[in-house]
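The values are calculated or read from the model by the stated rules, or taken from the named source; none is laboratory data. This structure is a prediction, so every number in the text was calculated from the model and none was measured. FYI the Cβ positions are ideal-geometry reconstructions off the backbone, even for glycines, and counts take in every protein chain you see. With ligands, DNA and RNA removed, areas are computed over all heavy atoms of the protein, side chains included. Shrake-Rupley method; radii C 1.70, N 1.55, O 1.52, S 1.80 Å.
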Amino acid sequence: MEKEEFINLISEKMKLVRTEQGFSQDKMSEILGISKKTLVQIEKRRTEANWTTVVAFCALFNHSELLISSIGDNPVDFVQLIASKNGGTPKEKTMGGKIWWKEIEYREDFRLQQNLISNHYRILDQYDYRWHSSFNKEESLSRLNELQEAGTIEIDRGTGMGGIYEE
């Protein structure tokens, strides 16, 4: 999904999420830091939200069931993926892909998954920590090979931090 497509998707969902959260247009515009007139224009689909508004919206409403089901992933993670273009997102714990993800390939301690809604890829380790995200399958397969060749992962369960060590 390209940045423009994502902006369009979020712009389409703003009114529904506002309603889901029980906010008036006045309150929502105040939360997002935009004028009520701008919010009305976005909700009536006369204009689209700008990137800054989309990022703020995703950060503030990242627990919205409607937003998550529209994207198929955490909205903040998705913003990071689009913004970085190279999948350089920090490693963090996921739920393992039980919903919205299909397994593409396994390599020792790592697995490649594809999101069923957005079609982007991610690599998880055996403890469900994310090591890579990208829209490019070849790039993701290459990164999967790199991780496999680097060695085995070691997780410090107390901090959730880990690293690769060579055997």
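Taking residue 108, is it free of Cβ contacts under 8 Å to residues at least 24 places away in the same chain and more than 16 Å from the chain's Cα centre (by Cα)?
Judged against the criteria, residue 108 is not a match.
Is there a residue in the stretch 124-133 that is acidic (Asp, Glu), part of a loop (DSSP other than H, G, I, E, B), under 15 Å from residue 77 (Cβ atoms) and open to solvent by less than 60 Å² (accessible area, probe 1.4 Å)?
For the stretch 124-133, residues acidic (Asp, Glu), part of a loop (DSSP other than H, G, I, E, B), under 15 Å from residue 77 (Cβ atoms) and open to solvent by less than 60 Å² (accessible area, probe 1.4 Å): present.
With open to solvent by less than 50 Å² (accessible area, probe 1.4 Å), among the hydroxyl-bearing types (Ser, Thr, Tyr) and closer than 24 Å to residue 142 by Cα as the only criterion, which of 64, 84 stands out?
84
So which pairs qualify, if the first residue must be in the stretch 9-38 and open to solvent by 80 Å² or more (accessible area, probe 1.4 Å), the second must be of a type in the set (Lys, Arg), the Cβ gap must be under 7 Å, and the two must be at least 6 apart or on different chains?
26/36
Can you tell me how many residues within the stretch 1-30 are part of a helix (DSSP H, G or I) and either touching a strand residue (DSSP E or B) at 6+ places or on another chain (Cβ under 6 Å) or under 24 Å from residue 72 (Cα atoms) (or both)?
20
Output the residues belonging to the stretch 16-35 that are under 23 Å from the mean Cα position of the chain (by Cα) and small (Gly, Ala, Ser).
33
Provide a single number: the residues in the stretch 39-52 that are among the aliphatic types (A, V, I, L, M) and without any contact (Cβ under 8 Å) to a residue 24 or more places away in the chain.
Counting residues in the stretch 39-52 that are among the aliphatic types (A, V, I, L, M) and without any contact (Cβ under 8 Å) to a residue 24 or more places away in the chain gives 1.
Could you tell me whether residue 36 is touching a helix residue (DSSP H, G or I) at 6+ places or on another chain (Cβ under 6 Å) and modelled with pLDDT under 95?
So residue 36 does not fit the description; no.
Test each condition in (1) crowded, with 17+ Cβ neighbours inside 10 Å; (2) not in a loop (DSSP other than H, G, I, E, B) for residue 48 and report the one that comes out false.
Condition not satisfied by residue 48: (2).
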